[in-house]
Amino acid sequence: MTQITAKKAASAGGLAVGLHAALKDKGGIWFGWSGDIAESGAEKPRLQRSGNVTYALVDLGREEYEGYYEGFANRSLWPLFHYRVDLASFEHDWYDAYRAVNRRFARLLMPLLKPDDTVWVHDYHLIPLGRELRRLGFEGAVGFFLHIPFPASEIFVSLPWDHELGQDLFAYDLVGFQTPTDLRQFQDYVRHEWGGEIEDDGTIRVQGRRFKAGAYPIGIDVDDFVAMGRTLEAQRGAERLRRALLNGNRKLIIGVDRLDYSKGILERLRAFGQLLDDFPEHEKGVTFIQISAPSRENVQEYQDLRHQVETLSGHINGIHSEADWVPLHYINRNHPRRTLAGFFHFSQIGLVTPLRDGMNLVAEEYVAAQNPDDPGVLVLSRFAGAAPLLADGALIVNPHDTRSTALALHQGLTMPQAERKERWRSMFAAIKANDIASWRMKFLSDLQKGQISTSEAVMT
Ligand code: ADQ
């Protein structure tokens, strides 16, 4: 089996670990961008073997990086798919670079493939790759999984090249989305823009093609994250919080994300400010730590967001701080996942408020890290892909509604232990039943069998 990702293969996130596990099971090739930029694109991938997995890594040339990755992937597709047409730029040169890199990737991958290999392509950076492989004559199964939302058809067609990307998607044997909503939006696009048909079992017929599309909500490696919470590093992290921030019995709210406009960080800060305005009883009794990992720092929109978050954090602290209490701690750095597990474990509230999000693994990690006897409360945006899965246990909010989000924070901070335990149990059962192993097995078995899953049992 071959898995393809544009992200750096060595990245140690939960997703990368889960995908590696799929390869290690049966052996295969991990093909993708090395994460390095070379003066000009290399002609051959660098091959490294580890056990029964071969890593085939390709450097991007400087111009490829700027046009394909920073440009089309992150400044056209990312904002558009997250409903931010206002932030999307559409440059023909970027699009040309995007197609050219996908063509080059297909050319470099093709000699490594056996005719009956299964290829699993990941995410929006690589939408054209399956069709490019087909053009080169590859006949094995090729599936695609989109990690971010698929937008409403009317948004998607703002893209000047929607028809080409649409046809790219039609070339796969199986196209996987995070949620039934994403799937439905793709089906609407197929119907309304192309006059395609969706059969009862979800098979799509369009443009002479017949293929499957389904919803496969991704999960985390729950056992692994629970174990992380028991490590020394996690305990040290929790202890640091206890001493440095909480002065004994102060409560803690935590937010963790990449610094990205899709994550609703500004809205979250406003809701925290509103909590302090509306419920003065929490004064000096609560601290909010927002940890935002730097992301796409060369992109102007991300620089603007960073500036806005810094300004708003300073503003909230300026209004509410006392000599012996700083309500908001904003940290703009990566943290080891084990330390994060400790922070989650120690927090009374996990505040996850994306404006749009494919799934949101932080919400699931927060649940996994809790103490079953005294769990915290998850306050979760209805616009996270994870919301339907966790709706029975989380306090679901509309992040645009500052006052209601503040109210949910108050409800979480004052929730009796028995209710917290009951809510946590239902969320923990949901993430266990939908972990990363079941996600990848379901996708791969559907790809190989040509069957379909709508995941309705999970997501309704
Ligand atoms: P992301 O947008 O990156 O992923 P998410 O699903 O939350 O969002 O995953 C982020 C990962 O990075 C988590 O494992 C988290 O612990 C880690 N992380 C976040 N902030 C960090 C920090 N400050 N320090 C260290 N680690 C940090 C995309 C889509 C999501 C989808 C995933 C997987 O945007 O919607 O859930 O892919 O499909």
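The values are calculated or read from the model by the stated rules, or taken from the named source; none is laboratory data. Keep in mind that what you see is a predicted model, and the values were worked out from it rather than measured. For neighbour counting, all protein chains shown are included, and Cβ atoms are generated from backbone atoms with ideal geometry for every residue, glycine included. Surface areas here come from the heavy atoms of the whole protein model, side chains and all, with no ligands, DNA or RNA. Shrake-Rupley method; radii C 1.70, N 1.55, O 1.52, S 1.80 Å.
The set of residues in segment 396-418 that are open to solvent by less than 70 Å² (accessible area, probe 1.4 Å) and free of Cβ contacts under 8 Å to residues at least 12 places away in the same chain comprises Asp401, Ser404. Only one of the numbered conditions (1) hydrophobic (A, V, I, L, M, F, W, C); (2) closer than 30 Å to Gly67 by Cβ; (3) in contact with a helix residue (DSSP H, G or I) (Cβ under 7 Å, 6 or more places away or on another chain); (4) open to solvent by 10 Å² or more (accessible area, probe 1.4 Å) is violated by Ala293, and that is (3).
Suppose the filter is within 16 Å of the ligand (Cβ to nearest atom), over 27 Å from the mean Cα position of the chain (by Cα) and modelled with pLDDT under 95; does Arg240 pass it? So Arg240 passes the test. Checking each residue of segment 271-288 against the condition of being buried (at least 21 other Cβ atoms within 10 Å of the Cβ), closer than 27 Å to Val397 by Cα and within 16 Å of the ligand (Cβ to nearest atom) gives at least one match. Of all the criteria given as (1) within 13 Å of the ligand (Cβ to nearest atom); (2) open to solvent by less than 50 Å² (accessible area, probe 1.4 Å), the one not satisfied by Trp325 is (1). Val397 fulfils the conditions (1) more than 19 Å from Pro79 (Cα to Cα); (2) hydrophobic (A, V, I, L, M, F, W, C); (3) within 14 Å of the ligand (Cβ to nearest atom) except for a single criterion, (3). All conditions in (1) near the ligand (Cβ under 8 Å from one of its atoms); (2) in contact with a Ser or Thr (Cβ under 6 Å, 6 or more places away or on another chain); (3) open to solvent by 10 Å² or more (accessible area, probe 1.4 Å) hold for Arg356, with the sole exception of (1).
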